[in-house]
1. Pairs under 7 Å by beta carbon, first residue under 14 Å from Ile114 (Cα atoms) in the range 76-92, partner open to solvent by 60 Å² or more (accessible area, probe 1.4 Å) and assigned to a strand (DSSP E or B), six or more apart or different chains?
2. Can you name the condition, by its number, that Asp140 falls short on among (1) out of contact with any Lys or Arg (no Cβ under 9 Å at 6 or more places or on another chain); (2) charged (D, E, K, R); (3) open to solvent by 80 Å² or more (accessible area, probe 1.4 Å)?
3. I'd like the full set of residues that are buried (at least 16 other Cβ atoms within 10 Å of the Cβ) and not in a strand (DSSP E or B), limited to the range 44-63.
4. Which condition from (1) surrounded by 15 or more Cβ atoms within 10 Å (Cβ to Cβ); (2) over 12 Å from the mean Cα position of the chain (by Cα); (3) modelled with pLDDT under 95 is the one that Phe76 breaks?
5. So how many residues does the range 1-13 have that are exposed (fewer than 10 other Cβ atoms within 10 Å of the Cβ) and either modelled with pLDDT of 60 or more or not hydrophobic (A, V, I, L, M, F, W, C) (or both)?
6. Just name the residue that is nearest to Arg181 (Cα to Cα) out of those in the range 133-159 that are assigned to a loop (DSSP other than H, G, I, E, B) and hydrophobic (A, V, I, L, M, F, W, C).
7. Would you say Asp71 is at pLDDT below 95 and surrounded by 10 or more Cβ atoms within 10 Å (Cβ to Cβ)?
8. Which residue is modelled with the highest pLDDT, if the candidates are limited to the range 14-35 and must be open to solvent by 60 Å² or more (accessible area, probe 1.4 Å) and in a helix (DSSP H, G or I)?
Amino acid sequence: MKKKIILVLSTLALLVQFVGAVKVSSIAEYAVLADETEVTFTCRLAVLAQKGMKLFVSDGQRGAVIYGKIDQTFEFGDLLESGLTAKKITFDYAPEMVQVKANTLKKANSSVNIKPVRIAMSDVSMDKVYCYTRLMGHYDATTSMLSAGGQQVLVYNHFNKEMPKETGKTTVDGILIYYKRKNLMELYVM
């Protein structure tokens, strides 16, 4: 009888785990999940930027965006409490969080000083989308293109920050975005 009870309890535990949200401890773990998977983050996420219905966040290694109605105002460096639960979808080949569960998007009582990750232009790729990066290259002030080693990134003023003013070698910090309609990587200046 004892073995049957343990077996039934084990089966129930697996069922609850299967039906409930998948727990992840990083954006990298979240990014590889199937679309429509409900996910709960066991780590804290840091806010990079907020604009309209988009909240750009980072776990220190990778970035992501939370899309939807956000009833709070967040600042660069604000920490979100662990426990954020949302559904994972793919938009323009990049993972996004939608349908955030009520009361799981909570600002922590602390913040962090986030530094951009310096990457070579040749390393700009889809797994860097939504990352806070530092890119160096030749900037063309007439086209707003940053280029190096055959790679080009459009520098875009999405957050009303100061853009590079002159053509020449420069370094730009921002959030890397893939713009599907133009098949182009963009850097939202921070």
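1. Qualifying pairs under 7 Å: Gly77/Ser111; Asp78/Lys107; Asp78/Ser111; Leu79/Ser111; Leu80/Lys107.
2. (3)
3. Answer for the range 44-63, where residues must be buried (at least 16 other Cβ atoms within 10 Å of the Cβ) and not in a strand (DSSP E or B): Arg44, Asp59, Gly60, Arg62.
4. If we test Phe76 against (1) surrounded by 15 or more Cβ atoms within 10 Å (Cβ to Cβ); (2) over 12 Å from the mean Cα position of the chain (by Cα); (3) modelled with pLDDT under 95, just (3) comes out false.
5. 3
6. Checked the range 133-159; the qualifying residue nearest to Arg181 (Cα to Cα) is Phe159.
7. no
8. Here the answer is Glu29.
The values are calculated or read from the model by the stated rules, or taken from the named source; none is laboratory data. Quantities reported herein were computed from a predicted structural model and do not represent experimental measurements. A quick note on method: Cβ atoms are made from the backbone with ideal geometry, for glycine too, and the neighbour counts reach across all protein chains shown. All accessible areas refer to the heavy atoms of the entire protein, side chains included, with ligands and DNA or RNA removed. Shrake-Rupley method; radii C 1.70, N 1.55, O 1.52, S 1.80 Å.
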